[in-house]
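Undergrad: Have a look at this one before I ask anything.
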Amino acid sequence: MKKKHNYVKKSPWVIDYDVGGCNGCNLEVLATLTPRYDVERFGVVYKSSPKNADVLIVQGCLNKKAVKRLKKIYSQMAEKKVVMAVGSCAITGGPFAEAYNFAGPVDKHIPVSVYVPGCPPRPEAIIDGLLKALRMVKEE
Ligand code: SF4
């Protein structure tokens with residue numbers, strides 16, 4: 001496997017994908033990435049393309065139409081990638097687990113390394129998850 005540059009270990013680039021649910025987790029993830037919480041102090045940089053990303057944050061209840069797109073985004077990321085499932089919906093389906101279009105937990109479709117429970121989790125919990133993801137990138 002090709003070795004990553006050092007800057008990846010110090011500054012993981014992050015993208016997020018909201019796969020359904022009520023949008024509550026999406027709002028918390030977006031709040032986490034604002035200057036108020038200043039995740040750039042840990043080197044975290046938000047990107048728009050999966051090809052530039054090391055960490056994928058997935059939040060929301062995964063619906064059947066989003067599965068193909070989720071797998072495509074995951075496949076476009078550079079190795080070695082870390083996936084964070086943020087919120088009860090992404091981890092178990094949460095309040096939408098019985099919905100007709102629920103496609104199952106995110107880790108049924110792509111490998112998940114970090115779980116951040118909550119409905120929705122607070123930005124402090126999401127930052128804790130990001131630091132765990134950063135440690136995983138460093139350990140690679
Ligand atoms: S876990 Fe809760 S807040 Fe997050 S998307 Fe699901 S219902 Fe909404």
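Undergrad: Return yes or no: is Ala85 within 15 Å of the ligand (Cβ to nearest atom) and buried (at least 21 other Cβ atoms within 10 Å of the Cβ)?
TA: Values: within 15 Å of the ligand (Cβ to nearest atom): yes; buried (at least 21 other Cβ atoms within 10 Å of the Cβ): yes.
When the stated conditions are applied, Ala85 passes them.
To keep it simple, each residue is scored yes or no on (1) over 21 Å from Leu134 (Cβ atoms); (2) modelled with pLDDT of 95 or more; (3) in contact with a Phe, Trp or Tyr (Cβ under 9 Å, 6 or more places away or on another chain).
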site: Ala31; (1), (2), (3): no, yes, yes
site: Ser48; (1), (2), (3): no, no, no
site: Asp54; (1), (2), (3): no, no, yes
site: Val86; (1), (2), (3): no, yes, yes
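Undergrad: Residue by residue through region 52-81, note down the ones that are of a type in the set (Val, Ile, Thr), more than 13 Å from the ligand (Cβ to nearest atom) and within 12 Å of Asp107 (Cα to Cα).
TA: Taking region 52-81 as the starting set, the residues that turn out to be of a type in the set (Val, Ile, Thr) are 55, 57-58, 67, 73.
Still in the running and more than 13 Å from the ligand (Cβ to nearest atom): 55, 67, 73.
Within region 52-81, Val67 is the sole residue that qualifies.
Undergrad: Hey, Val39 hits all of (1) among the aliphatic types (A, V, I, L, M); (2) away from the ligand (no atom under 13 Å from the Cβ); (3) more than 13 Å from Ile126 (Cα to Cα) but one; which does it fall short on?
TA: The failed condition is (3).
Yes/no per residue for (1) on the phi > 0 side of the Ramachandran plot; (2) buried (at least 17 other Cβ atoms within 10 Å of the Cβ); (3) among the hydrophobic types (A, V, I, L, M, F, W, C):
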site	(1), (2), (3)
Glu40	no, no, no
Cys89	no, yes, yes
Gly94	yes, yes, no
Pro105	no, yes, no
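Undergrad: If only one of Gly94, Gly24 is touching a residue at least 60 places away in the same chain (Cβ under 8 Å), within 15 Å of Val106 (Cβ to Cβ) and within 16 Å of the ligand (Cβ to nearest atom), which one is it?
TA: Only one candidate passes the filter, namely Gly94.
Undergrad: Let me ask something additional. Against the conditions (1) under 15 Å from Ser11 (Cα atoms); (2) crowded, with 21+ Cβ neighbours inside 10 Å, where does Glu139 fall short? Just the number, please.
TA: Just one mismatch for Glu139, condition (2).
Undergrad: Go through Val29, Val58 for me and flag whichever is touching a helix residue (DSSP H, G or I) at 6+ places or on another chain (Cβ under 8 Å), surrounded by 16 or more Cβ atoms within 10 Å (Cβ to Cβ) and not in a helix (DSSP H, G or I).
TA: Matching residue, one of Val29, Val58: Val58.
Undergrad: Another question about this same structure. Residues Val67, Val44, Val83, Val55: which one is farther than 20 Å from Arg122 by Cβ and within 14 Å of the chain's Cα centre (by Cα)?
TA: Result: Val83 is the single residue among Val67, Val44, Val83, Val55 that is farther than 20 Å from Arg122 by Cβ and within 14 Å of the chain's Cα centre (by Cα).
The values are calculated or read from the model by the stated rules, or taken from the named source; none is laboratory data. In this text, all values refer to a predicted model and were calculated from it rather than measured experimentally. FYI the Cβ positions are ideal-geometry reconstructions off the backbone, even for glycines, and counts take in every protein chain you see.
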